[in-house]
Amino acid sequence: MNQAPALHSERLILRKPEEGDIQDRFTCGRSAEVEKMCGRSTIDLQPYTYEEAKHWVERLMSKPLAWSIEYQGRCIGQARLIVNEIDRKARYAVGLFDESILGKGFGTEITQVVLHYAFSTLGLHRVELRVLEYNTRAIACYEKCGFVKEGLEREGALIDEKWFSDWRMSILEQEYFKEMK
C-alpha cells in the first residue's frame, strides 16, 4: 500500500499515484530514448498500450514510497525509494516518460526533493542507485545532487544485444547535510 506523502518543489508535485495517471502515461506512449535510458530494448518497439499504463500505475500504487510526478496538472514520470530500515538506507530510482521535458532540470529537482525527504524526514544514512554508464544526463544530475560514483558493475545489462555497465552511486547523510550548508 502506497504511503508516500506529497512533496513539493518549485515546479513539481510528487504525490501518490492516482487513476488519472493512467491516461497521462498512455498518452505519452513509448519513446526509444526513454526506453534506452531505462535499460529496455529499443529493437522492434511496440506502441504503448492502455493496459501497460494501467499496470504501471497499479505497480506504483503497490509500493510504499513511490510517487507520481506532476507537472502542470499532468503526470510526467515516477520516483521511488525502497527503504531498508535496519541499515537506514534506500535504493532510489526516478524515471520521466514525457520526452518533451527531458533536459530541463526536472530530474535534479525531483532528486533534491526526494533526498531532502530521505535524510530530513526518514532519517536515512545512505541513498544509493544504479545508472547505466551511457546515461550521461542522469549521471550529471546525480553528481549535481551530491551522489558519488562507488564503482562500475561491468557488463551487467544486456540491451539491444549489447552489454553495458552500471555505475553504482550513493550519497551519505553527512555528505547531504554538508551540501545543504
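Values in this text are rule-based calculations from the coordinates and carry no lab data. Computed from a predicted model, the values in this text were never measured in an experiment. For neighbour counting, all protein chains shown are included, and Cβ atoms are generated from backbone atoms with ideal geometry for every residue, glycine included.
Total residues in region 11-59 satisfying the condition of being over 22 Å from F106 (Cα atoms) and without any contact (Cβ under 8 Å) to a residue 60 or more places away in the chain: the figure is 14.
When region 136-165 is limited to residues that are of a type outside the set (S, T, Y) and under 17 Å from A79 (Cα atoms), the one that is surrounded by the most Cβ atoms within 10 Å (Cβ to Cβ) turns out to be F147. Each residue in region 134-181 was checked for being of a type in the set (D, E, K, R), closer than 25 Å to E33 by Cα and assigned to a loop (DSSP other than H, G, I, E, B), and 2 pass.
Taken over region 7-22, the criterion of being within 11 Å of E70 (Cα to Cα) and either surrounded by 18 or more Cβ atoms within 10 Å (Cβ to Cβ) or within 16 Å of the chain's Cα centre (by Cα) (or both) is satisfied by L7, H8, S9, L12, I13, L14, R15, K16, P17, D21.
So that you can scan it fast, the table gives a plain yes or no per residue for (1) free of Cβ contacts under 8 Å to residues at least 40 places away in the same chain; (2) of a type in the set (A, V, I, L, M, F, W, C):
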site: F119; (1), (2): no, yes
site: L124; (1), (2): no, yes
site: L129; (1), (2): no, yes
site: N135; (1), (2): no, no
site: F147; (1), (2): yes, yes
site: E150; (1), (2): yes, no
site: R154; (1), (2): yes, no
